[in-house]
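Enquirer: Below are the structure tokens for one structure; questions will follow.
Read-outs: derived from the displayed coordinates by stated rules, not from any lab. From a predicted model like this one, the values you see are computed outputs, not experimental measurements. Every residue, glycine as well, gets a Cβ built from its backbone with ideal geometry; the counts of neighbours run over all protein chains shown.
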Amino acid sequence: MVAGMDNTDLAVLCALVLAVAAYLKRDIIKELLFSNDDSITADDSGSRDIVQVMKDNNKNYLVLYGSQTGTAEDYAKKFSKELAAKFSLNVMCADVENYDFENLKELSSSTVVSIFVATYGEGEFPDGAVQFEDYLNDLDEGALSNFRYTLFGLGNSTYEFYNGASKKVLKHMQKAEATLIGEHGLGDDGAGTTDEDYLSWKESTFEILKDQLHLSEHEQKFEPSFRMIKLETIDDKVSLGEPSLQYLPAHSLSFNSENIQVGPFDLHQPYLAPIVKTRELMGNDRSCVHSEFDVSGSNIKYTTGDHLGIWPSNADEKVEKFLHAFNLNPDTIFDLTPLDPTIKAPFPTPTTVGAAVRHYLEITGPISRQSFGALIQFAPSPQIKEKLQNLAADKDQFHIEVTSRYFDLADAVLHLSGGVKWETVPWEFFIESIPHLQPRYYSISSSSLSEKQTIHTTAMVESAPNPAGGPNVVGVTTNLLKNIEVQINEKSTDSLDVHFDLKGPRALFSGFKLPVHVRRSAFKLPSNPQTPVIMIGPGTGVAPFRGFIRERVKYLESTENSKLGKHLLFYGSRNVDDFLYKEEWPLYAKKLGNAFEMIVAHSRLEKTRKVYVQDKLAEREQEIIRLLNEGAFLYVCGDAKGMAQGVHTVLVEILARGKSISKEDATEMVKMLKTTGRYQEDVW
């Protein structure tokens, strides 16, 4: 017993201590009281065994996705949500990066698995799906004979290896004798039909699943996957738009003994890099911004040819319109508790509605017919609901009314409701239906040999007149970079299409900082500097080649008695005003001598015919054949649909004539060059 206290005094003291402790730990206690036991158990288990996790959480349908930029993830989540809503299935939606699949063959034969996979680069799996690919490669014949699956791939038909990743999945599954339900769905971003491709595939797949799984369909109604808890005050644990939890005041970043911030810096945590220099590259009504990011305060390393991922935020005008359209209060503070232990919040929480709309949600992307259809249940009146149901069912009319006008979500709902606000849409609906704001990737235009501590990017500012009238159609990140360029160089902001909060959450971005990370690329110079190189890059497609040439200049400066193979650069622009880095190329040519030659094509000079890079390529046919015979590497960067296809066609013709073979054989030869890495593309 404590000296001087009787039993009553001690009891009172203990009660006071417990009360104080309860108050200090109230958030934890509230979480325990209002969370189900399954959620705590699943979160604590941390298992990577996909089959065990499904059993532990009573799931009877599995949706897997491998995504590079978030599109495959978005479709997989929409598919999962609709499956659960229409057929009352217990669906688990999972990123293949987070699980192991050695026990997949033990999955119940009554369970169907739907696979969504994007293709990256030359027919490759996304970065996070490499382990899943290894699992597929190791499958024995007949290993999945009791396995049933559906498959939807996302790709671009302008690429040589169109939908290569999903086709590899199909090939491995066929070897393992798994049963494909329905058709192999192919989404084609090259034709701009991914959403309609998905809707067509989904509808036919649902019909087959209903029949094979004996499912009964009922009216789809939104059911949130999270419990939203409103909070009263903002403290150091509340995100105001920080790119990751590590940047919250309540957390701390990692630094080494030299005060260098330690990564890894990736999709989960970027580095806040200051833009130390930026300039406008064009002298007309178009804009292209050169930006230099200082990464000396981090342990970030890159190699020439890599990409820089820049994490954007939404423009002031777009944020205000979205909040107005749905009558949202930006100051509302909220936290999210998953009702399904196999999912997690899509962005840092707790946070505010305003922070989520500005920093975390892709509010300016084009609205798909699929997303639009799910929103109709919240229409502000029965008349508007009926009108929109008819619109959602008619893809041609939807294109006329929405897609061709380049509407984002707020634009579309306000237009179609005659300006009436949509006040009944649950906030949880936006969290689950609007994709997370993703980094935008830019070819690095500097050399890791000459610019070890800075990373250069070259970005064409997206701003085009809207064919339906109204404000210009603008890009997110490129206009953010333009805002920074204007302010750093102390220009007027009056001509800017949109404006941004450049200070960021808690002034985190002050000093013109942006969150960035480096994404590795296979777009690399040959290791032997004497190997000839042919580069083709019109417009901003010249960005990585600026890095390549700076690399070769630095190599010659630092290596005695060094020799280079021929480096041919085919560059295209509209006219001399669009000629990017035009003051730099003569300097490089002087330093590299006969080893470097730049061939320029202008497509919009007055009183002259249009000339494109593929035309110039054809003019140098004999030299192209000679260099390829000498083992030259060929690189193409820029527009996938027009330029890259044109270059491919011309190269086939050059090879057919130069080697006296058929076009079919020449096409196979080009394919072989791509397979062996001697023909590389960085196209979009």
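Enquirer: Take the Cα radius of gyration of the range 619-684 and divide it by 2.2 N^0.38 Å, with N its residue count; two decimals is plenty.
Expert: 1.05
Enquirer: Give the distance, in whole Å, between the Cα centre of the range 270-315 and the Cα centre of the range 386-455.
Expert: Their Cα centres are 24 Å away from one another.
Enquirer: When the expected Rg is taken as 2.2 N^0.38 Å, what fraction or multiple of it is the alpha-carbon Rg of the range 41-111?
Expert: Working: Rg = 12.3 Å, N = 71, 2.2 N^0.38 = 11.1 Å.
Here the Cα radius of gyration is 1.11 times the empirical estimate.
Enquirer: I've got another one for you. So what J values fall out for the range 395-405 if you push phi through Karplus, 6.51 cos²θ - 1.76 cosθ + 1.60 with θ = phi - 60°, rounded to Hz, Gly and Pro as x?
Expert: Once θ is set to phi - 60°, the couplings for the range 395-405 become 5, 5, 5, 4, 5, 5, 7, 10, 4, 5, 8 Hz.
Enquirer: Determine which residues of the range 317-350 fall in the zone a paramagnetic label at residue 229 would reach in this model, i.e. backbone nitrogen under 12 Å from the point 7 Å along Cα→Cβ.
Expert: 334-338, 350
Enquirer: Still on this structure, I have one more. Within the set of other residues whose C-beta is less than 9 Å from the C-beta of residue 595, count the net charge using Lys and Arg as +1 and Asp and Glu as -1.
Expert: Numbers: positive: 552, 563, 566; negative: 597.
Result for the neighbourhood of residue 595: +2.
Enquirer: Please report the antiparallel percentage of the DSSP beta bridges confined to the chain, to the nearest 5.
Expert: 45
Enquirer: Looking at the square roots a ≥ b ≥ c of the eigenvalues of the Cα gyration tensor of the range 41-212, which shape do they give, rounded for a/c under 1.5, prolate if a/b is larger than b/c, or oblate?
Expert: Here the range 41-212 falls in the rounded category.
Enquirer: Mind giving me the FRET efficiency for residue 284 and residue 609? R0 is 30 Å, r the Cβ-Cβ distance, nearest 0.05 is fine.
Expert: 0.90
Enquirer: In terms of the Cα gyration tensor, with a ≥ b ≥ c the square roots of its eigenvalues, is the range 83-142 rounded because a/c is under 1.5, prolate because a/b exceeds b/c, or oblate?
Expert: oblate
Enquirer: Now a separate question. Just subtract the alpha-carbon distance of residue 671 and residue 472 from 0.36 nm times their residue separation and send over the number in nm, one decimal.
Expert: This chain segment gains 67.6 nm when fully extended.
Enquirer: Taking amide hydrogens as modeled 1.01 Å from N in the peptide plane, which residues meet the under 5 Å criterion relative to residue 437, leaving out close sequence neighbours?
Expert: 361, 362
Enquirer: A further question follows. Cut-off 13 Å, label point 7 angstrom out along Cα-to-Cβ of residue 171: give me the residues of the range 99-124 whose amide nitrogen falls inside.
Expert: Taking a point 7 Å out along Cα→Cβ of residue 171, the residues of the range 99-124 whose backbone N falls under 13 Å are 123-124.
Enquirer: Let me ask you something else. Summing Lys, Arg as +1 and Asp, Glu as -1, what charge do residues with Cβ under 13 Å from the Cβ of residue 218 carry, residue 218 excluded?
Expert: -1
Enquirer: Order these by the 10 Å Cβ neighbour count, fewest first: 684, 422.
Expert: Placing the least packed residue first, the sequence is 684, 422.
Enquirer: May I ask you to compute the full-extension gain from residue 260 to residue 659, defined as 0.36 nm times their residue separation minus their alpha-carbon distance, rounded to one decimal in nm?
Expert: Result: 138.1 nm gained on full extension.
Enquirer: Quick one: what do you get for the range 115-257 if you divide its Cα Rg by 2.2 N^0.38 Å?
Expert: For the range 115-257, the normalised Cα radius of gyration comes out at 1.46.
Enquirer: By counting other Cβ atoms within 10 Å of each Cβ, how are 559, 675, 403, 364 ranked from fewest to most?
Expert: 559, 675, 403, 364
Enquirer: I've got another one for you. In deg cm²/dmol, rounded to 500, what helix-only [θ] at 222 nm does the chain give when every DSSP H run of at least 4 residues adds -39500 (n - 2.57) and the total is split over its residues?
Expert: Rounded to the nearest 500, the figure is -10000 deg cm²/dmol.
Enquirer: With r as the distance between the Cβ atoms of residue 252 and residue 332 and R0 = 25 Å, compute the FRET efficiency 1/(1 + (r/R0)^6) and round to 0.05.
Expert: E(calc), rounded to 0.05, equals 0.35.
Enquirer: I need 600, 516 ordered by Cβ neighbour count within 10 Å, fewest first.
Expert: 600, 516
Enquirer: Dividing the convex hull volume of the Cα atoms of the range 533-683 by its residue count, what figure in Å³ per residue is obtained?
Expert: That works out to 116 Å³ per residue.
Enquirer: Then there's this: Full-extension gain between residue 47 and residue 345, please, as 0.36 nm times their residue separation minus the C-alpha to C-alpha distance. All intermediate terms of the calculation are to be shown ahead of the outcome.
Expert: Details: separation 298, 0.36 × 298 = 107.28 nm, distance 1.85 nm.
Full extension of this stretch gives 105.4 nm more.
Enquirer: Give the cross-link partners of residue 221 among the lysines, using a straight C-alpha distance below 16 Å as the criterion and excluding same-chain residues fewer than 8 apart.
Expert: Correct list for residue 221: 77, 78, 81, 86, 385.
Enquirer: Still on this structure, please answer the following. Say each of residue 421 and residue 587 gets a label point 7 Å from the Cα, pointing the same way as Cα to Cβ; how far apart are those two points in nm?
Expert: Between residue 421 and residue 587, the label points sit 5.5 nm apart.
Enquirer: Candidates (1) 42; (2) 55; (3) 38; which is the computed percent of Cα pairs over 40 Å apart?
Expert: Answer label, from the structure shown: (3).
Enquirer: Of all beta bridges DSSP finds with both residues in the range 41-212, what is the antiparallel percent, to the nearest 5?
Expert: Given both bridge residues lie in the range 41-212, the antiparallel proportion sits at roughly 5 percent.
Enquirer: Next question. Tell me, what is the FRET efficiency for residue 58 and residue 594 to the nearest 0.05, using R0 = 56 angstrom and their Cβ-Cβ distance as r?
Expert: According to the calculation, E is roughly 0.20.
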